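The values are calculated or read from the model by the stated rules, or taken from the named source; none is laboratory data. Please read these numbers as outputs of a predicted model, since none were measured by experiment. Cβ atoms come from the backbone with ideal geometry, glycine included; neighbour counts cover every protein chain shown. Ligands, DNA and RNA are stripped out before the accessible areas are found, and what is left, the full protein with its side chains, is counted by its heavy atoms. Shrake-Rupley method; radii C 1.70, N 1.55, O 1.52, S 1.80 Å.
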Amino acid sequence: MALNIPGLVTLIVFYAITLAIGIWASWKSKKEQKNGKPSEMAIVGGRNMNFFIGLFTATATWVGGAYINGTAETIYLPTRGLIWVQAPIGFTLSLLIGGIFFVNPMRSKNYLTMMDPLQETYGNKIGSLLFIPPLIADIFWFAAILGSLGATMRVILDIGSYLAIIISACIVMLYTLLGGLYSVAYTDVIQLIFITLSLWICVPFALLNSATENIYYTAVQEFYQAPWIGKVQTGYLGRWLDDFLYLVLGSIPWQTYFQRILSAASLRQARLISYLSGLGSFLMAIPSVLIGAVAASTDWNQTSYGLPTPLERGESAMILPLVLHYLCPTYISIGGLGAIAAAVMSSADSALLSASSMFAHNIYRKILRQEATEREVVWMMRVSMVVFGTAAAGLAFLSNSVYDLWFLSGELVYALLFPQLCCVLFIPNTNTYGSAAGFFFGFLLRLLAGEPSLNIPPVIHYPGCSLVDGVYVQLFPFKTFTMLLTLGTIVAISYLVAFLFKRNLLPRRWDVCRVVKENSAFNPPHNLCQIGM
């Protein structure tokens, strides 16, 4: 296959437009800085983001490259199908729950990041420990979607994936470090529009291709492969429920989400953005569902792709770009490539801004250098963007392994961070001891459950654990079970320790975290858990 010159030119133009908008937005943010602190402007847009811009950027954050590619792949896989496409409904419910329960307590105290209430309640030291899972997850997320973009460009443009990864990472880093949330939000607008138009333009051509059978027929009838509507076997119901709850609840404790709602001009707008972006992300999955259904209904031998099929070649993860390239005219598939690139960039910049915001505000300013000026914090954000972005671009060359690591780190965010956030917002009197105990206990439980993708065998064999092709598979909803045990540990240890100190069953001098605040003759000379506040 020769280099696709028209596609390359189109992509360059798209990147140039995105970069120009990002630079313009950075100029706009500088004009607005006179009304607020520079770091606040970079992290939450001065808390005065236009409602429609906020809605676009919140929706684009969820509709990333992994979202549109993963949805199509799940539909195409004979062992999965539509019934396993949980992300659209999961994200919709997640954003609905977030709007109902989490928006008000986060905005009422004018927090800048998701880590603020955790550090406020448990201290900066424990807060820095809780920062590790989301930081790793953001970096791996950035790397995984860059790797996906590189593979896509290799299919459609026939260029080295490393070029796509490097160029995309540099552009994202440049406009994000120049304008912070403003640049991310305004570029998200053009990216979301491009995703919507490009994918919907591709769908009719793919559906009407002569190599494709009617998708309504193949949804319930086996033709080229199993019906694409899919099914959940009885033994896998626990796994299905676990994955679904992971998407619904585990999608809340992310800085990318709270950054959007904290940037809205009012509480009402923040809630509306949360609700409507959930609906938007659901609607944006429809083209990917149709493309996945087309792939499952296609006789690939009638296309220039030929046999064996993408499934047999191990290229199921690339099914969306394959459909665009082999079932659509060239000029149409180029537009689809732009949609994938836009989806990747809309998520990549969010992950980069999320990680750098938490590091600069919660680690650098609150722990490493409390006397840091506003200008210093902003520059630390920029430096961390370059460091994290470079690390993610380097990891992107190991795209398959990185995707597994991102998924595992996302599970840790669900199992460890979600219960911590629930405790500080909704359960009074939890303390540092409970937080630390919950973190280490939950982390240990998750590791003992094993991870097949990383060749970590399970030590704990939950009910239903079975050996499939030499690999142990946990069918029990262990992720949600771990999350609930972490939550219970935080609450139980917090109240138990407080009870023991208040009843003098433990010496007060052991209370280094000062969880007992009642007046007493004893006052520890230092609060070791709060040092750095």
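Just one of Trp379, Trp300 is of a type in the set (Phe, Trp, Tyr) and in contact (Cβ under 8 Å) with a residue 24 or more places away in the chain; which is it?
Answer to the selection: Trp300.
Among the residues of the range 206-226, write down those that are within 31 Å of the chain's Cα centre (by Cα) and more than 14 Å from Val289 (Cβ to Cβ).
Within the range 206-226, just Ala226 meets the criteria.
Which of (1) at pLDDT 90 or above; (2) within 15 Å of the chain's Cα centre (by Cα); (3) not aromatic (Phe, Trp, Tyr) is the odd one out, the single condition Asn69 does not satisfy?
Every listed condition holds for Asn69 apart from (1).
If I filter the range 424-431 for residues that are among the hydrophobic types (A, V, I, L, M, F, W, C), crowded, with 24+ Cβ neighbours inside 10 Å and in contact (Cβ under 8 Å) with a residue 40 or more places away in the chain, do I get at least one hit?
no
I need the full set of residues from the range 289-320 which are closer than 23 Å to Gln86 by Cα, open to solvent by 30 Å² or more (accessible area, probe 1.4 Å) and of a type in the set (Gly, Ala, Ser), in order please.
Gly314, Ala317
The conditions are (1) at negative phi; (2) open to solvent by 50 Å² or more (accessible area, probe 1.4 Å), and Asn455 fails exactly one of them. Which is it?
With (1) at negative phi; (2) open to solvent by 50 Å² or more (accessible area, probe 1.4 Å) applied to Asn455, the lone miss is (1).
If you check every pair at least six apart or on different chains, which have Cβ atoms under 9 Å apart with a residue in the range 160-186 that is within 14 Å of Ala341 (Cα to Cα) first and a residue that is basic (Lys, Arg) and part of a helix (DSSP H, G or I) second?
Within 9 Å, the pairs are Ser161/Arg154; Ala164/Arg154.
Tell me the residue from Gly434, Gly450, Gly389, Gly410 that is open to solvent by less than 50 Å² (accessible area, probe 1.4 Å), modelled with pLDDT under 95 and not assigned by the TED database to the domain that holds Ser350, please.
Gly450 is the lone residue from the list that is open to solvent by less than 50 Å² (accessible area, probe 1.4 Å), modelled with pLDDT under 95 and not assigned by the TED database to the domain that holds Ser350.
Residues checked against (1) open to solvent by 20 Å² or more (accessible area, probe 1.4 Å); (2) of a type in the set (Phe, Trp, Tyr); (3) within 26 Å of Ala360 (Cβ to Cβ); (4) over 16 Å from the mean Cα position of the chain (by Cα):
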position: Leu249; (1), (2), (3), (4): yes, no, no, no
position: Gln255; (1), (2), (3), (4): no, no, yes, no
position: Ile261; (1), (2), (3), (4): no, no, yes, no
position: Arg268; (1), (2), (3), (4): yes, no, no, yes
position: Ile273; (1), (2), (3), (4): no, no, yes, yes
position: Gly278; (1), (2), (3), (4): no, no, no, no
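Give Leu19, Leu55 a once-over and let me know the one that is buried (at least 22 other Cβ atoms within 10 Å of the Cβ), over 25 Å from Val220 (Cβ atoms), of a type outside the set (Lys, Arg) and in contact (Cβ under 8 Å) with a residue 40 or more places away in the chain.
Just a single option satisfies the conditions, and that option is Leu55.
From the list Pro253, Pro287, which one is more than 26 Å from Thr196 (Cβ to Cβ) and in contact with a Phe, Trp or Tyr (Cβ under 6 Å, 6 or more places away or on another chain)?
One residue alone meets the criteria, Pro253.
Condition check ((1) closer than 30 Å to Leu353 by Cβ; (2) in a loop (DSSP other than H, G, I, E, B); (3) without any contact (Cβ under 8 Å) to a residue 12 or more places away in the chain; (4) not assigned by the TED database to the domain that holds Pro117) across all residues:
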{"residue": "Trp200", "(1), (2), (3), (4)": "yes, no, no, no"}
{"residue": "Phe223", "(1), (2), (3), (4)": "no, yes, no, no"}
{"residue": "Pro227", "(1), (2), (3), (4)": "no, yes, no, no"}
{"residue": "Lys231", "(1), (2), (3), (4)": "no, yes, no, no"}
{"residue": "Tyr236", "(1), (2), (3), (4)": "no, no, no, no"}
{"residue": "Thr256", "(1), (2), (3), (4)": "yes, no, no, no"}
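Restricting attention to helices (runs of 4 or more DSSP H) lying wholly within the range 330-436, give those where 3 or more residues are within 26 Å of Leu19 (Cβ to Cβ) and in contact with an Asp or Glu (Cβ under 8 Å, 6 or more places away or on another chain).
So the answer is 330-358.
Any residue at all in the range 235-246 that's touching a strand residue (DSSP E or B) at 6+ places or on another chain (Cβ under 9 Å) and either of a type outside the set (Ser, Thr, Tyr) or surrounded by fewer than 18 Cβ atoms within 10 Å (Cβ to Cβ) (or both)?
Yes, there is a match, as at least one residue in the range 235-246 is touching a strand residue (DSSP E or B) at 6+ places or on another chain (Cβ under 9 Å) and either of a type outside the set (Ser, Thr, Tyr) or surrounded by fewer than 18 Cβ atoms within 10 Å (Cβ to Cβ) (or both).
Anything in the range 224-234 that is hydrophobic (A, V, I, L, M, F, W, C) and surrounded by 17 or more Cβ atoms within 10 Å (Cβ to Cβ)? List them, or say none.
Listed by number, the residues that qualify are Ala226, Trp228.
Which of the numbered conditions does Ala169 fail, given that it passes all the others? Conditions: (1) among the aliphatic types (A, V, I, L, M); (2) open to solvent by 70 Å² or more (accessible area, probe 1.4 Å); (3) assigned to a helix (DSSP H, G or I).
(2)
Only residues in the range 489-513 that are closer than 21 Å to Glu120 by Cα and modelled with pLDDT of 90 or more count as the first member; pair them with residues that are assigned to a helix (DSSP H, G or I) and open to solvent by 40 Å² or more (accessible area, probe 1.4 Å), Cβ under 8 angstrom, at least 6 apart or cross-chain, and list the lot.
Pairs that qualify, where the first residue is closer than 21 Å to Glu120 by Cα and modelled with pLDDT of 90 or more and the partner is assigned to a helix (DSSP H, G or I) and open to solvent by 40 Å² or more (accessible area, probe 1.4 Å), are Thr489/Phe441; Ile493/Tyr433; Ser494/Tyr433; Val497/Tyr433.
Being open to solvent by less than 10 Å² (accessible area, probe 1.4 Å) and at pLDDT below 90 is the filter here, so list the residues in the range 104-136 that pass it.
Within the range 104-136, Gly127 is the sole residue that qualifies.
So the check is Cβ under 7 Å with 6+ separation or different chains; which pairs have a first residue in the range 358-369 that's in the same structural domain as Ile43 (by the TED database) and aromatic (Phe, Trp, Tyr) and a second one that's open to solvent by 20 Å² or more (accessible area, probe 1.4 Å) and part of a loop (DSSP other than H, G, I, E, B)?
No pair meets every condition.
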